[in-house]
Every structure is written in C-alpha cells, then in structure tokens.
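What follows is one structure encoded as structure tokens, with my remarks underneath.
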C-alpha cells in the first residue's frame, strides 16, 4: 500500500482546541479523493498558548494551508504576514494559505453564511435580525449581513454585553453601519427583542457535541411562526436550539451548508480546484443528519 505521506503529498489541516469533533478532515479528504488530488487534511489540536509555535512548525514543514477554528480566529491575525480585505474588515480569519513561508489569512465563513441565507433573502432583507454570540462567527455574520442583506437593525446578544458593545463599536467604525444594538443574555428580558426579529442566529458553540442538551436560550415562546432560525453549529445537525424553534413554527437552518461552502472556498484557495459541492454536501448530511 502506498504511503500517503510520501514527499509529494500536500498537507492541509485545521488548528483549534478542542478539535476532535471537526468534520473538516472528513470533508476535505473526501474532496481530494473524488478529484484524485494528492492532498491530505489533518486535525492539529493546539493548546491555547502554543499558537505561535504551531505556526512556526507549519512554515518549517511546508504545510500548504489550514483552517482556523476556536479559539484562534481572531488572535491568529497578529502572526500572519497579510490578510484579505474581507478578513481585515471582519477581524477574524478561518483559512490560511502558506506560500513559501508567507501566511495569508482569509475569511471563508462569509461564503458559507451567504450561501445558507441567500435562498431566504427576500424574507428578511431590510428587516430586524438578532445574533446570539459575539465571537469570530458573529463577526463574519455581522459583515455578511451588512454587505449582502442590509438589515434594518442587528441585535447582538451575548453573555457579557461589554463584548457585544465592542463588536458594535467595531462595525460602526469599519462599515459605517449605525443600526447595531446590544443586549446581555437574560432570557426573559430579551424575549421582545427576539420576537421582533425575522432572522435569529446562534453564533455560539452552545449545543455542539457532546453537550447536545444545551441551547443558548431555553425560554419558551422566544420564537415565532415563520421566523428564520439559523444555528451555525453543524454537529449535531438538529440542535436543541433548532428543535425549540421548529416547535414554535419557525423555519430552521442548520450549519451543514455553511460548513460545506466555507470549506469549498478554502479548498479552492489551497488547491486551485473546485470542490464537488453536491457530493460533499450529501456525504456530510448522511453522517450528521438523523
């Protein structure tokens, strides 16, 4: 049997902590196999205080490129040689390309977000939306919503309102969008805010495997019939958050489409090839959806 690690193999990967539940290795390795490309994609579990050393290792080993997930999406920027315009505005990177030791950061989450929400554009464009969370995913969401969907108002709801307020100030300055409001996550107090939102998005990792009984909000009557509720979590595909929303008659979207389309854009940046999106989407759904 041929050794996959012979010297001509291009190595890709994902940096994060913890990393064992990521489906990115499955997705990218399958794409390389379907296209007969000599790439292998590996998970790299990097302790939070070891990012700088990990990046030195990536350069030394000549790794072609990698994804970035929690907790490094924002902190990695200071270690990169350059970032795309999009990533610079967002202040968060999820994809890095290594060209002869020069690391360039991109944000392909925006592609995944856009492809997930575009079919519903006419339903919520120009209306109020709410985002739960204020981390890297929330940054990509705020950018994509302002750039492509032009909501009348964006509510950022977070356990610490100070972090949400920082995001508000950041995007008011960066994108000259003045309709961001912030709230602390007190479930009973934010019910009116969520009730008035046509689109509600969970941008936290709450509810992700193995903590599948968790939801960022468990309060009854927070969702409305025909609201659009999007959970960026993809594992499990049907989170407690989405189950609660569907029980109130909302339209629910899981994170699988976002996962595949952000991955497809990263795959193109690394390989120059188009990922076979439909085949990958079907394979990921088969593994994740009940």
*For the subset of the range 270-279 comprising residues that are in contact (Cβ under 8 Å) with a residue 12 or more places away in the chain and surrounded by fewer than 16 Cβ atoms within 10 Å (Cβ to Cβ), which member is farthest from residue 23 (Cα to Cα)?*
273
*Could you list, in sequence order, all residues of the range 64-83 that are under 20 Å from residue 101 (Cα atoms) and either touching a helix residue (DSSP H, G or I) at 6+ places or on another chain (Cβ under 8 Å) or modelled with pLDDT under 95 (or both)?*
64, 65, 66, 67, 68, 72, 73, 75, 76, 77, 79, 83
*Considering only the range 230-254, state which residues are touching a residue at least 60 places away in the same chain (Cβ under 8 Å) and either in a loop (DSSP other than H, G, I, E, B) or under 13 Å from residue 202 (Cα atoms) (or both).*
230, 232, 234, 235, 253
*Residues of the range 18-40 being under 18 Å from the mean Cα position of the chain (by Cα) and outside any loop (DSSP other than H, G, I, E, B), which ones?*
24, 25, 26, 27, 28
*asked:* Of the conditions (1) assigned by TED's automatic domain parsing to the domain that holds residue 205; (2) surrounded by fewer than 20 Cβ atoms within 10 Å (Cβ to Cβ); (3) closer than 17 Å to residue 107 by Cα, residue 232 satisfies every one except a single condition; which number is it?
replied: (2)
*Which members of the range 84-101 meet the condition of being in contact with a helix residue (DSSP H, G or I) (Cβ under 9 Å, 6 or more places away or on another chain) and on the phi < 0 side of the Ramachandran plot?*
86, 87, 88, 89, 90, 92, 93, 94, 95, 96, 97, 98
_So for the range 145-153 (the condition being modelled with pLDDT of 95 or more, within 28 Å of residue 17 (Cβ to Cβ) and surrounded by fewer than 19 Cβ atoms within 10 Å (Cβ to Cβ)), does at least one residue qualify?_
no
*Residue by residue through the range 41-67, note down the ones that are outside any helix (DSSP H, G or I) and more than 22 Å from the chain's Cα centre (by Cα).*
62, 63
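The values are calculated or read from the model by the stated rules, or taken from the named source; none is laboratory data. Remember, predicted model here, so these are calculated numbers, not experimental data. All Cβ positions, glycine included, derive from the backbone under ideal geometry; neighbour counts span all protein chains shown.
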